Amino acid sequence: MKITPISSWLPRHSHSNSPLVIAGPCSAESMEQVLTTAYALKNIPEVKIFRAGIWKPRTRPNNFEGLGEIALPWLAEVKKQTGLLTTTEVATAKHVELCLEHGVDILWIGARTTANPFSVQEIADALKGVDIPVMIKNPINADLQLWIGALERMNNAGLTKLIAIHRGFSVADKLEFRNDPLWRIPMELKVKFPELPLLCDPSHITGERELVQKVCQKAIDLNMNGLIIETHPDPNKAWSDAAQQITPEKLKVILSEISLKTEHSTNADFGLQLSIFRGQIDRLDNELLHILKLRTDIVEKIALAKSEQNITALQRSRFDHLMKERLEAGKTLGLEESFIKEIFDSIHEQSVKLQTDHFESKKKN
Ligand code: PEP
Ligand code: MN
């Protein structure tokens, strides 16, 4: 991928190693709301770019879907009055055309759009020959290839001022956050394309303003290049994503409290590597657990069959044979014998226990 570094198109204070911060409301609601937010953000030195959604992709119909075209001149006004660059989300060729007409500085592609190659290609085609920075949010599903594919489609259309935004992934069982960060995915992207700037969107990851600071710190610890944070003068009254927006004042506090890594810190690289390895371990451990569950299900079937035939749970010869085979297979793989023996002793012990329990319960019934 051919990437033009941010430093060549976005002037920054050369002495500062602070992250690039993009801030502004989830949605543009009125000229007054947009300008009030922008003026407050102008006083935060890290904030260089003003965001506001104009076309909002909503999960269910009949929610506020953005004000559309009428809000575009407000972004131009923000730029004129505060000097902040402006960015908004585009999902169709028509959105692109309107943004270019109104001089929006940077475009972003939202998570739902990134997941659809037809839409991404439509945007790429509309941008052919235009030299504008484009930020691409990760797709809503945890598919790194889809994210890379969208970046490549832009790159193939000649766009090189690209930025990736990590906003977490939609999962069926929500744990701590609105969107699961699955940190290993943006980290893998960073390893594959070290020159591609990577920002984090703690607002859409957390879905909750109290958690935003913690995720900001995590992103910085992982050596991400910046943050995009939803900011509203009166968050509780926001027309979309009210629970996750913070005031510009709160943003200022969060940014001042973030502990930064020193530039070229080997620690940050170490943190990056470690998080990738840990992600891999997590995945493998999960597979191990699933395999143990499958094995347990089969042991239960054996228990049932044996109890019907009145066969004992422990059959010594079968176990000796199994252990010998496993130790040999382990040895071929270069695994230490005592380790493999311990694991299979334990697995076998549990199998016998399950079968004995089954016999006991059968006797009781
Ligand atoms: C947004 O940034 O307001 C937005 C809709 O984000 P996402 O595409 O990440 O859901
Ligand atoms: Mn939002």
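The values are calculated or read from the model by the stated rules, or taken from the named source; none is laboratory data. Since this is a predicted model, take the numbers as computed values, not measurements. Methodologically, a virtual Cβ is constructed for each residue, glycine included, from the backbone with ideal geometry; neighbour enumeration extends over all protein chains shown.
Could you go through segment 213-224 and let me know if any residue there is β-branched (Val, Ile, Thr) and touching a Ser or Thr at 6+ places or on another chain (Cβ under 6 Å).
Yes: one or more hits.
Please indicate, with yes or no, whether at least one residue in segment 88-95 is in contact with an Asp or Glu (Cβ under 6 Å, 6 or more places away or on another chain) and farther than 23 Å from HIS166 by Cα.
Checking segment 88-95: at least one residue is in contact with an Asp or Glu (Cβ under 6 Å, 6 or more places away or on another chain) and farther than 23 Å from HIS166 by Cα.
Given the options LEU274, LEU289, LEU294, name the one that is over 26 Å from PHE319 (Cβ atoms) and assigned by TED's automatic domain parsing to the domain that holds THR356. Full working, then the answer.
On the way: LEU289 fails: over 26 Å from PHE319 (Cβ atoms); LEU294 fails: over 26 Å from PHE319 (Cβ atoms).
Exactly one of LEU274, LEU289, LEU294 is over 26 Å from PHE319 (Cβ atoms) and assigned by TED's automatic domain parsing to the domain that holds THR356, namely LEU274.
So, in segment 54-81, of the ones that are of a type in the set (Val, Ile, Thr) and in contact with a strand residue (DSSP E or B) (Cβ under 7 Å, 6 or more places away or on another chain), which residue ends up nearest to ligand 2 (Cβ to nearest atom)? Please lay out each step first, then the result.
Of all residues in segment 54-81, those of a type in the set (Val, Ile, Thr) come to 54, 59, 70, 78.
The next check asks that each one be in contact with a strand residue (DSSP E or B) (Cβ under 7 Å, 6 or more places away or on another chain); those that pass are 54, 78.
Details: ILE54: 12, VAL78: 18 Å.
The residue in question is ILE54.
Please tell me if ASN138 is surrounded by fewer than 19 Cβ atoms within 10 Å (Cβ to Cβ) and either farther than 18 Å from ILE228 by Cα or within 15 Å of ligand 2 (Cβ to nearest atom) (or both).
Judged against the criteria, ASN138 is not a match.
Restricting the search to segment 192-210, which residues are away from ligand 1 (no atom under 16 Å from the Cβ) and surrounded by 16 or more Cβ atoms within 10 Å (Cβ to Cβ)?
Within segment 192-210, PHE193, LEU196, PRO197 meet the criteria.
Per-residue answers, yes or no, for (1) more than 24 Å from MET154 (Cβ to Cβ); (2) at pLDDT below 95:
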position	(1), (2)
THR4	no, no
PRO11	no, yes
SER16	yes, yes
GLY24	no, no
ALA38	yes, no
LYS42	yes, no
ALA52	no, no
LEU67	yes, no
LYS79	no, no
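LEU327 is checked against (1) at positive phi; (2) surrounded by 15 or more Cβ atoms within 10 Å (Cβ to Cβ) and fails just one. What number does that condition carry?
Unmet for LEU327, out of (1) at positive phi; (2) surrounded by 15 or more Cβ atoms within 10 Å (Cβ to Cβ): (1).
Quick check on this structure: which one of GLU32, GLU46 is among the acidic types (Asp, Glu), out of contact with any strand residue (DSSP E or B) (no Cβ under 8 Å at 6 or more places or on another chain) and farther than 22 Å from THR160 by Cα?
Working: GLU46 fails: out of contact with any strand residue (DSSP E or B) (no Cβ under 8 Å at 6 or more places or on another chain).
Checking each option against the conditions leaves just GLU32.
Return the residue satisfying two criteria in turn: it lies in segment 207-257 and is within 17 Å of the chain's Cα centre (by Cα) and among the small types (Gly, Ala, Ser), and of such residues it is nearest to ligand 2 (Cβ to nearest atom).
Selected residue: GLY207.
Across segment 170-189, what is the number of residues that are hydrophobic (A, V, I, L, M, F, W, C) and assigned to a loop (DSSP other than H, G, I, E, B)? Before you say what the answer is, go through the steps one by one.
Start the filter on segment 170-189 by keeping residues that are hydrophobic (A, V, I, L, M, F, W, C), which leaves 171-172, 175, 177, 182-183, 185, 187, 189.
Imposing the further condition that a residue be assigned to a loop (DSSP other than H, G, I, E, B) reduces the set to 171-172, 175, 177, 182-183.
Number satisfying all stated conditions: 6.
Which of the residues belonging to segment 190-206 are more than 13 Å from ligand 2 (Cβ to nearest atom) and either under 13 Å from the mean Cα position of the chain (by Cα) or outside any helix (DSSP H, G or I) (or both)?
Scanning segment 190-206 gives LYS190, PHE193, PRO194, GLU195, LEU196, PRO197, LEU198, LEU199, CYS200.
Within segment 62-83, which residues are at positive phi and either of a type in the set (Lys, Arg) or assigned to a loop (DSSP other than H, G, I, E, B) (or both)?
ASN62, GLY66, GLY83
Name the single residue that is surrounded by the most Cβ atoms within 10 Å (Cβ to Cβ) among those in segment 243-255 being out of contact with any His (no Cβ under 8 Å at 6 or more places or on another chain) and of a type outside the set (Lys, Arg).
Among them, the one singled out is LEU251.
Please list, ordered by residue number, the helices (runs of 4 or more DSSP H) wholly in segment 91-169 having 3 or more residues that are touching a residue at least 24 places away in the same chain (Cβ under 8 Å) and away from ligand 1 (no atom under 16 Å from the Cβ).
Correct list: 93-101, 117-126, 144-156.
Residues in segment 4-61 that are away from ligand 1 (no atom under 16 Å from the Cβ), within 21 Å of HIS204 (Cα to Cα), outside any strand (DSSP E or B) and within 24 Å of the chain's Cα centre (by Cα): how many?
2
Any idea how many residues of segment 227-242 are free of Cβ contacts under 8 Å to residues at least 60 places away in the same chain, more than 13 Å from ligand 1 (Cβ to nearest atom) and either among the hydrophobic types (A, V, I, L, M, F, W, C) or not in a helix (DSSP H, G or I) (or both)?
Residues in segment 227-242 being free of Cβ contacts under 8 Å to residues at least 60 places away in the same chain, more than 13 Å from ligand 1 (Cβ to nearest atom) and either among the hydrophobic types (A, V, I, L, M, F, W, C) or not in a helix (DSSP H, G or I) (or both): 1 in total.
Do the conditions hold for ASP282, that is, is it acidic (Asp, Glu), in contact (Cβ under 8 Å) with a residue 24 or more places away in the chain, part of a helix (DSSP H, G or I) and not assigned by TED's automatic domain parsing to the domain that holds LEU198? Before you say what the answer is, go through the steps one by one.
Values: acidic (Asp, Glu): yes; in contact (Cβ under 8 Å) with a residue 24 or more places away in the chain: yes; part of a helix (DSSP H, G or I): yes; not assigned by TED's automatic domain parsing to the domain that holds LEU198: yes.
Here the answer is yes, as ASP282 does meet what is asked.
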